[in-house]
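> Sharing a structure here in structure tokens format.
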Amino acid sequence: MNVALKTIVTINENIVEISRDLPTVIIGERINPTGRKAVLAALEAGNFDLIRDDAVNQVKAGSTVLDVNAGVPGANEVELLPQLMKEVMDVVDVPLCIDTANPEALEAALKVYPGKALINSVNGEEKSLEAVLPLAKEYGAAVIGLCISDSGIPKTAEGRLEVADKIIERATGMGIAIEDIVIDPLAMTMGADHLAGALTLNAVKLIVEKYGVNITMGSSNVSFGIPDRKYVNAAYMAMAIHAGLTCPIANPMVTEIRTTALAADLALGRDEYGMHWIKEFRKRKKK
Ligand code: THG
């Protein structure tokens with residue numbers, strides 16, 4: 001299938017479109033205590049200054065959607081996630097990607113969210129499908145479908161596609177538009193398995209070929225345990241964009257990440273007259 005489905009997410013009057021016909025959308029990854037000790041410590045202390053700074057700086061660096069994760073061990077996520085989102089929404093006006101494994105926290109977050117959010121995420125496990133898809137439907141949100149099933153993370157690209165099949169079938173069967181489903185084929189570290197990156201690239205191709213849906217992934221995951229991560233992350237992200245990735249969850253404050261996404265867009269004909277590349281070049285020169 002050669003279609004490029006368009007996923008729309010919004011906040012207040014602000015609209016972001018995700019599609020293979022448009023420039024890559026970098027979903028800023030930094031507001032996440034799991035990946036970052038400083039965010040964990042700040043959230044534990046109830047201090048949101050760092051989070052507000054991270055929100056502003058990621059948007060300045062070019063993110064047009066921000067991931068928000070309040071998964072602090074032992075904390076009450078049902079209260080903390082909406083509170084975290086409120087702090088972020090105070091300082092930036094970009095759509096949020098609500099990153100939680102807790103359906104109650106998700107519902108609390110959707111209740112306060114002023115627009116069409118991106119839910120991160122549902123997966124192919126029965127329990128997850130039953131808890132998350134009705135919320136996506138009720139609140140009119142878009143939803144990321146992770147390629148994990150009741151039997152774990154499939155070890156082949158075809159297996160990942162089968163989980164995508166299941167999620168898409170269940171979601172569209174409930175009346176969720178296919179445009180509102182973004183598939184995450186799961187980026188895993190190549191530090192533990194040197195074939196992990198290639199497998200995920202193949203899964204992206206299979207899923208895009210079959211459905212034309214938008215694709216996300218935590219592309220920074222591929223380099224856990226590997227030195228000089230930013231080069232690995234940037235090269236991998238470029239290849240994944242070519243395969244069909246449209247909205248990586250990544251760190252836009254790393255220049256190599258931002259410039260690689262822009263260069264990939266230019267290479268794939270998604271940056272008319274190179275205007276975007278030139279504009280961002282001028283911004284970097286001014287610093
Ligand atoms: N898929 C989906 N959502 C996800 C992931 C995914 N959300 C979480 C994660 N994976 C993506 N987010 C991150 C956030 C940070 C890092 C990697 C992925 C990261 N952090 C540095 C580290 O841990 O070394 C710390 C950076 C710092 O302290 O500044 O690498 O796969 N749908």
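The values are calculated or read from the model by the stated rules, or taken from the named source; none is laboratory data. Computed from a prediction, not measured in an experiment: that's the story for all the values here. Glycine also receives a Cβ, built like all others from the backbone with ideal geometry; neighbour counts cover every protein chain displayed. Keep in mind that these areas ignore ligands, DNA and RNA; they rest on the heavy atoms of the full protein, side chains included. Shrake-Rupley method; radii C 1.70, N 1.55, O 1.52, S 1.80 Å.
> Do any of LYS86/LYS127; LYS86/LYS205; LYS86/LYS230; LYS111/LYS230 go past 32 Å between their Cα atoms, and which?
Numbers: LYS86/LYS127 29 Å; LYS86/LYS205 37 Å; LYS86/LYS230 30 Å; LYS111/LYS230 36 Å.
Distance filter (> 32 Å) returns LYS86/LYS205; LYS111/LYS230.
> Still on this model: Along segment 276-283, what does the Karplus equation 6.51 cos²θ - 1.76 cosθ + 1.60 (θ = phi - 60°) give for ³J(HN,Hα), rounded to whole Hz, x for Gly and Pro?
5, 4, 5, 4, 5, 4, 4, 4
> Over segment 104-202, one equal point on each Cα, no solvent: what is log10 I(q)/I(0) by the Debye formula at q = 0.11 Å⁻¹?
Here log10 of I(q) over I(0) equals -0.34.
> Report the rotationally averaged projected area of segment 92-141 based on its alpha-carbon convex hull, in square nanometres.
3.2
> Turning to a different aspect of this structure: Given the rule -39500 (n - 2.57) for each run of at least 4 DSSP H residues, summed and divided by the residues of the chain, what is its mean residue ellipticity at 222 nm, to the nearest 500 deg cm²/dmol? Can you show the working numbers first?
Numbers: 10 runs with 132 residues, N = 287.
Value at 222 nm, helices only: -14500 deg cm²/dmol.
> Which whole-angstrom value gives the distance between the alpha carbon centres of segment 57-133 and segment 241-275?
Result: 24 Å between the Cα centres.
> Separate question: Checking the cross-link filter: which lysines have an alpha carbon closer than 22 Å to that of LYS286, excluding same-chain neighbours under 8 positions apart?
Result set, ordered by chain and number: LYS60.
> Oh, and also: Rounded to whole Hz and in sequence order, give me ³J(HN,Hα) for segment 136-145 from the Karplus expression 6.51 cos²θ - 1.76 cosθ + 1.60, θ = phi - 60°, writing x for Gly and Pro.
Result, rounded to whole Hz: 4, 5, 4, 9, x, 8, 8, 9, 8, x.
> In addition: If Rh is defined by the Kirkwood formula over all Cα pairs and Rg also comes from Cα, what ratio Rg/Rh do you get for segment 5-58?
That ratio is 1.11, to two decimals.
> Taking a 27 Å limit on the Cα-Cα distance, which of the listed pairs LYS137/LYS279; LYS37/LYS155; LYS116/LYS166 fall beyond it? Don't jump to the answer; show the numbers that get you there.
Values: LYS137/LYS279 38 Å; LYS37/LYS155 30 Å; LYS116/LYS166 24 Å.
Result: LYS137/LYS279; LYS37/LYS155 exceed 27 Å.
> Taking the Cα centre as origin and putting +1 on Lys and Arg beta-carbons and -1 on Asp and Glu beta-carbons, what dipole magnitude results for the chain, to the nearest 20 debye? Provide the component values of the computation, followed by the final result.
Details: 29 positive and 37 negative charges, 240 e Å.
Using only the charged Cβ atoms, the result is roughly 1160 debye.
> Can you give the translational diffusion coefficient of the chain in µm²/s, computed by Stokes-Einstein from the Kirkwood radius over Cα pairs at 20 °C and 1.002 mPa s? Please report the intermediate quantities before stating the final value.
Details: Rh = 18.9 Å.
Rounded, D is 113 µm²/s.
> Of the chymotrypsin sites (Phe, Trp or Tyr not before Pro) in segment 132-229, which ones lie in a loop per DSSP and count no more than 12 other C-beta atoms within 10 Å? Walk me through the numbers on the way to the answer.
Values: sites: TYR139, TYR211, PHE224; in loops: PHE224.
Sites meeting the loop and neighbour criteria: none at all.
> Could you report the chain's accessible area per residue, 1.4 Å probe, as an integer in Å²? Write down the numbers at each step before the final one.
Working: 12890 Å² over 287 residues.
Spelled out: the 1.4 Å probe surface of the chain, per residue, equals 45 Å².
> Still on this model: Leaving ligands, DNA and RNA out of it, report the carbon-plus-sulfur percent of the accessible area of segment 161-287 at a 1.4 Å probe. Working shown, then result.
On the way: 3520 of 6000 Å².
Here it works out to 59 percent.
> Using mean Cβ contacts within 10 Å as the protection proxy, how do 19-28, 227-236 order, highest first?
Highest mean packing first, the order is 19-28, 227-236.
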